[in-house]
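Visitor: I'd like to ask you about the structure that follows.
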Amino acid sequence: RIALVWDRATGTDQLNIAIDIANKIGIEVVSLAVRPSDNFESEFAKLSGPRKTGIVQLTFPGISTVAAGYAAAAEKHKLPTIAFLRVVAHAGVLMSYGPSQEHYFPRAVELADKILNGANVGEIPIERPAKFEFVVNLKTARALGLTLPPSILVRADEVIE
């Protein structure tokens, strides 16, 4: 069972795709809509109990500003969590996988500059991030009572001790 944690402000496109994929591979899904201002501890308490549940945090504007509270609530309720941004893994979630902000965000600024200087938006090609990073937080794994296999650790771009 996985919980898909998402922010209502982002719409449901990403959520619907994730639910569809989980259903196709036979994983039960719990949808948990939250906002950065929510009390994550009370929200995550809904997921704790005898049923094993992991959290997949979908893109979540503002997560970096509340990442420490988010991570602490997940750890308190023994919920292994994967996030989109490295900053959330550094705040204490189990792992993150997503675009490298150092490579991706400056490119977004360059594109915004083109648009602000009169470029036709329809003529600017859509770009994908060129570099992704996988971060594992071993401190959190130990707190959750998890032993991660070497095959996971060797794939990580960064392992937080």
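The values are calculated or read from the model by the stated rules, or taken from the named source; none is laboratory data. Just so we're clear, the structure is a prediction, and the values are computed from it rather than from any experiment. A quick note on method: Cβ atoms are made from the backbone with ideal geometry, for glycine too, and the neighbour counts reach across all protein chains shown. These area figures cover heavy atoms from the full protein model, side chains too; ligands, DNA and RNA do not enter into them. Shrake-Rupley method; radii C 1.70, N 1.55, O 1.52, S 1.80 Å.
Visitor: Work out the length of the dipole vector of the chain about its Cα centre, built from +1 on the beta-carbon of each Lys and Arg and -1 on the beta-carbon of each Asp and Glu, and round it to the nearest 20 debye.
Guide: On the way: 17 positive and 17 negative charges, 127 e Å.
Using Cβ point charges on Lys, Arg, Asp and Glu, the chain gives about 620 debye.
Visitor: Okay, helix-only estimate at 222 nm for the chain: each DSSP H run of n ≥ 4 adds -39500 (n - 2.57), divide by all residues, round to 500 deg cm²/dmol; what do you get?
Guide: Working: 7 runs with 66 residues, N = 161.
The per-residue figure over the chain is -12000 deg cm²/dmol.
Visitor: With springs only between Cα atoms under 10 Å apart, run a GNM on the chain and tell me which of VAL135, VAL121, VAL34 wobbles the most.
Guide: With Cα springs under 10 Å in the chain, the top fluctuation among VAL135, VAL121, VAL34 is at VAL121.
Visitor: Residue by residue through region 53-69, what is 3J(HN,Hα) from phi via Karplus (6.51 cos²θ - 1.76 cosθ + 1.60, θ = phi - 60°)? Round to whole Hz and write x for glycine and proline.
Guide: 9, x, 10, 10, 8, 6, 3, 8, x, x, 4, 5, 6, 10, 4, 4, x
Visitor: Would you please give the residues with an amide H less than 5 Å from that of ALA3, counting only those at least 5 places away or on a separate chain, with H modeled from the backbone geometry?
Guide: For ALA3, whose amide H was placed from the backbone, the distant partners under 5 Å are VAL30, GLY54, ILE55, VAL56.
Visitor: If you don't mind, there's one more thing I want to ask. Dipole magnitude of region 4-52 about its Cα centre, charges +1 at Lys/Arg Cβ and -1 at Asp/Glu Cβ only, in debye to the nearest 20?
Guide: 160 debye
Visitor: Enter the Cα centre distance for the pair region 79-112 and region 127-161, rounded to the nearest angstrom.
Guide: Each part reduced to its Cα centre gives a spacing of 13 Å.
Visitor: Largest first, please: the extent of the C-alpha atoms of region 62-129 along each principal axis, to the nearest Å.
Guide: 50, 19, 18
Visitor: In whole Å, what are the Cα extents of region 7-141 along the three principal axes, biggest one first?
Guide: 56, 32, 27
Visitor: Could you identify which residue out of LEU79, LEU111, LEU32 has the top mean-square fluctuation in a GNM of the chain using Cα springs shorter than 10 Å?
Guide: LEU111
Visitor: Let me ask something else about it. At 1.4 Å probe radius, can you tell me the per residue accessible area of the chain in Å²? List each step's numbers first, then the result.
Guide: Working: 9400 Å² over 161 residues.
Heavy-atom accessible area per residue stands at 58 Å².
Visitor: Just check region 93-149 against the gyration tensor rule for me: Cα atoms, a ≥ b ≥ c as the square roots of the eigenvalues, rounded for a/c under 1.5, and otherwise prolate or oblate depending on whether a/b exceeds b/c. Each step should come with its number before you reach the end.
Guide: Details: a/c = 5.38, a/b = 3.93, b/c = 1.37.
It comes out prolate by the Cα gyration axes.
Visitor: Taking a ≥ b ≥ c as the square roots of the eigenvalues of the Cα gyration tensor of region 1-59, is the shape rounded (a/c under 1.5), prolate (a/b larger than b/c) or oblate? Please report the intermediate quantities before stating the final value.
Guide: Values: a/c = 3.10, a/b = 1.09, b/c = 2.86.
It comes out oblate by the Cα gyration axes.
Visitor: If the reach is capped at under 30 angstrom between alpha carbons, list the lysines near LYS131, excluding any in the same chain fewer than eight residues apart.
Guide: LYS24, LYS114, LYS139
Visitor: Still on this structure, I have one more. At a probe size of 1.4 Å, how large is the accessible area of GLU102, to the nearest 10 Å²?
Guide: My reading of the accessible area for GLU102 is about 110 Å².
Visitor: Of LYS114, LYS46, LYS78, which has the largest mean-square fluctuation in a 10 Å C-alpha GNM of the chain?
Guide: LYS114
Visitor: How much accessible surface area, in Å² rounded to 10, belongs to the heavy atoms of THR65 with a 1.4 Å probe?
Guide: Taking all protein chains as shown, THR65 has close to 120 Å².
Visitor: What part of the accessible area of the chain, given as a whole %, is carbon or sulfur when the probe is 1.4 angstrom?
Guide: Values: 5390 of 9400 Å².
The nonpolar share, carbon plus sulfur, comes to 57 percent.
Visitor: Ranked by accessible surface with a 1.4 Å probe, highest first, in what order do TYR70, TYR97 come? If you can, show how the numbers build up before the last one.
Guide: Numbers: TYR70 0, TYR97 120 Å².
Putting TYR70, TYR97 in descending order of accessible area: TYR97, TYR70.
Visitor: Here's a follow-up. Note the full-extension length gain between ILE124 and GLU158 as 0.36 nm times their separation in residues minus their Cα-Cα distance, in nm to one decimal. Don't jump to the answer; show the numbers that get you there.
Guide: Numbers: separation 34, 0.36 × 34 = 12.24 nm, distance 3.32 nm.
The span from ILE124 to GLU158 would gain 8.9 nm if fully extended.
Visitor: For ASP7, ASP157, ASP20, ASP13, what's the largest-to-smallest order of accessible area, 1.4 Å probe?
Guide: Details: ASP7 5, ASP157 100, ASP20 70, ASP13 120 Å².
Largest to smallest exposure gives the sequence ASP13, ASP157, ASP20, ASP7.
Visitor: Go through ARG142, ARG86 and list them by solvent-accessible area, largest first, probe radius 1.4 Å.
Guide: Numbers: ARG142 140, ARG86 60 Å².
Reading off the accessible areas and sorting them downward yields ARG142, ARG86.
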